[in-house]
Amino acid sequence: MKFTVADLLDHLSTTDTVALAKLEKSLGLTTKACKQQLRIGLDALARLGLVEEEGEGLRSLDSSDRIAARLRCSSKGFCFALREDGGEDIYIRDHQLNHAWNGDRVLVKITREGGRRRSPEGGVQCILERHTPSLLAQVERQDGQLVAVPLDDRLLTTVALPESDATHLEPSEEAVVEVTIDRFPVAQFGPTGHVVRSLPVHGGETADTDLLQAKHRLHERPASPRATLKQPVAKGRADLTALPTLIFDIWETAEAPVLPALSLEEREGGWRLWVHSPAVAERIGMGNSLDTWLREQGEAICLGRRWLPLLPAALTKACGLRAGESQSALSVCLDLDAAGSLEHFRFTLSQITPDARVDQAAMAALAERKPKARTVPAALKPLKAHLPLVEQLVQLSGLLRQQRLAAGSIDLDLPMPAIDSLGDLRIPSPDAAHQGWLVERPTGDPVAILREAVLVAQRALGRHLLALELPALYAVNPAPEASEINDVAKAALALEIPMELSADGNASAAELAAAFAATDRGRPLQQQLREALCPVQLTATAGSNAVAGEPTAVAPWCCPGLHYADLWNQHLLVSLLVDGKDRPSVRHKIGADLASDTCHGTTDWPLLTPGQLAPYQQALEHGLAQRLNGRSRFLQEFKADALALAQARHTEPLVGRTLPGVISGVQSYGFFVEVPPSQVEGLVHVSSLKDDWYEYRSRQNRLVGRKFRRTYMVGDRVDVEIQKVDALRHQIDLVVLQPENFDQAGEDDGSGDDAPDSSESPALSAAEG
């Protein structure tokens, strides 16, 4: 089917009717079969009370009692609907799933309100969008039927296969298969599918990348449509070609996305920082076929040693910034005081000529260079004329970071592990597009310099669009729940970590982060804090962004090669700069400077015509923010899978070896151990602890042996033996090294009534370090 229920509902309005022929055209339906499928879908939605026919047209009905959500299921069958509006998760019982699978986007109706210690319950009313049109599986024969058993044990089903796929009955350790779903479950009929291809399990790094792409359906990515790129407008373009400008190369791969360039000038009482973003939006027509394709892709995706770029190659070549070449850009001039606080800003279409590129090697050489050294290291020779500018940018980035942290932003020392196969995945993005914290980077690191500049530029646009009341995509990052932070604080207090609490006994997330950074048990505590922080979400309504240290509004726009949200806001900014009405009528001789914050509070007339605003308003009304948030979640899931697979592969040669590890979490059924150098995390089940009978003390968050009083708590160092690695399921079996003279008497005592059976417990989940 060429469309989903979500697509169909997005093209209908609750106020105006849409003709069936227009709906068919909007959905791109040309064949009789596709139009028949649309008719079936409309009839079903009418029975559910979501759509009604009115005369010759169709319109959607108010469904405020049905909540849009994404299903998250566990291997044990527990399913929750994660609400798109950020509300409390809804528990879905098995009989209320109505054939929905893990990851599906659904409409849920609450059947039982939540209580003080109980989540609300509900049932799936409609499946808006299927998350799993294909999957990785192993072929088995069960009760005489050939079936595909998904590798993802959160998919609580098997898929019936035709007998012709019996040729794929191979040992699970040799190969897996990619299965396309031909029919999802409906009524009493189960799902059916067919094998597309077989994939080797031990085929090396390239084969692993193929496995990841197949699992996340990235190899089916459609080609970009052919489109004629527009030329940036010349009128009103500021000539900044004489302004010293630097490009910061943070990634190693040649096909990495284009990023902004930076300039810096000293001014009386402070600094003038320029951020020059590639002028992508000017080369694409808003709403044309290429823009629609980019909207569907949403994100550039790093596969490790290569990228699946968001922008087509021709567009990247046209707008990419290269040293020594004049190029069009979209720039912002940020006036900062001596401490780095933002005072004023002004946006402009510009023409720039970058002078040089700055990479990791150059910044490392600069950090190692003695202050009064006469010689210049080889890595710095291309930058010799620009070293004062680089040093000033390092100084300013430190001031901006201090301002950000003082406003409540959080840096955590949780980098990706140093595994070569991860490639560019090891290097964080130079913005705060996804997670509610930032990876701590050393002073002078190119990522740190670019990141601080980008965050200020995006704060400026957020404030500007909010003040001008224009429809925009805002990046919102609310403060975490106080209860979640208090749980982390209690875990730290149980470990006797020194902390200063407020009068009511609470601590902020930023205070916890500072306290954890000063202790040798900081890493596992930072991991717990990371889980309590809220992710960044796109929304049409402005709000605070804790990770950027911004209380008012943040609008992403600097990295259009990374995120479509940045490109979309660039479209809006270009429209404002080119077509914005700077005065109420031609009779007024003096106009407002719509590019600057000086116009805030002075414009009481429409800045853009209804026709110019319509594409932006319609996109927001039709759920653009929700769709881009979905693509962001997809990207995070892919990164987690890529990391877990790399960690498991890195650990395979270590089977049988004993390695030192650090306890990263303690539960009633055992404790988790993080094992370097890959930082893979595994569960040591209490049933494997034969030296004593251990009981869990929740208030102290530790396991304590009844007889010998030995304890296991977060941050403790233990030696573990790696027994088995299952790379596809990201599972590693660990056994803790017992004391040399433990008492065998404890062996018969059991391991506690509250511990789940060891055969049912996950052995390990490789998680981001």
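Below is a table of values for the structure above.
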| item | result |
| --- | --- |
| Filter result (in contact with a Phe, Trp or Tyr (Cβ under 8 Å, 6 or more places away or on another chain), among the charged types (D, E, K, R) and at pLDDT 95 or above) within the stretch 238-272 | Glu265 |
| Selection status of Pro371, assigned to a loop (DSSP other than H, G, I, E, B), farther than 26 Å from Trp307 by Cα and either open to solvent by less than 10 Å² (accessible area, probe 1.4 Å) or without any contact (Cβ under 8 Å) to a residue 24 or more places away in the chain (or both) | yes |
| Residues located in the stretch 186-197, provided they are over 30 Å from the mean Cα position of the chain (by Cα), closer than 18 Å to Asp152 by Cβ and either open to solvent by 70 Å² or more (accessible area, probe 1.4 Å) or in contact (Cβ under 8 Å) with a residue 40 or more places away in the chain (or both) | Gly193, Val195 |
| Failed criterion for Arg117 (all others in (1) closer than 29 Å to Arg221 by Cβ; (2) out of contact with any Pro (no Cβ under 7 Å at 6 or more places or on another chain); (3) assigned to a loop (DSSP other than H, G, I, E, B) hold) | (1) |
| Flag if Ser687 is closer than 15 Å to Leu703 by Cβ, touching a Pro at 6+ places or on another chain (Cβ under 9 Å) and surrounded by fewer than 19 Cβ atoms within 10 Å (Cβ to Cβ) | no |
| Subset of the stretch 32-81 that is in a helix (DSSP H, G or I) and of a type in the set (Gly, Ala, Ser) - its residue that is surrounded by the most Cβ atoms within 10 Å (Cβ to Cβ) | Gly41 |
| Answer residue from the stretch 123-171, given it is closer than 22 Å to Ala6 by Cβ and hydrophobic (A, V, I, L, M, F, W, C) and is surrounded by the most Cβ atoms within 10 Å (Cβ to Cβ) among those | Leu135 |
| Candidate set: the stretch 289-303, residues that are touching a Pro at 6+ places or on another chain (Cβ under 8 Å) and either among the aliphatic types (A, V, I, L, M) or in a strand (DSSP E or B) (or both); chosen: the one farthest from Leu27 (Cα to Cα) | Ala300 |
| Yes/no for His386 being open to solvent by less than 50 Å² (accessible area, probe 1.4 Å), assigned to a loop (DSSP other than H, G, I, E, B) and touching a residue at least 60 places away in the same chain (Cβ under 8 Å) | no |
| Residues located in the stretch 10-31, provided they are closer than 18 Å to Thr292 by Cβ and outside any loop (DSSP other than H, G, I, E, B) | Asp10, Lys22, Leu23, Glu24, Lys25, Ser26 |
| Residues of the stretch 339-360 that turn out to be of a type in the set (A, V, I, L, M) and more than 18 Å from Leu389 (Cβ to Cβ), as a count | 3 |
| Test for Trp271: is it within 16 Å of Pro312 (Cα to Cα), touching a residue at least 60 places away in the same chain (Cβ under 8 Å) and not in a loop (DSSP other than H, G, I, E, B) | no |
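The values are calculated or read from the model by the stated rules, or taken from the named source; none is laboratory data. A quick note: this is a predicted structure, and the numbers were derived from the prediction, not measured. Methodologically, a virtual Cβ is constructed for each residue, glycine included, from the backbone with ideal geometry; neighbour enumeration extends over all protein chains shown. Protein only, heavy atoms only, side chains kept; ligands, DNA and RNA dropped before computing areas. Shrake-Rupley method; radii C 1.70, N 1.55, O 1.52, S 1.80 Å.
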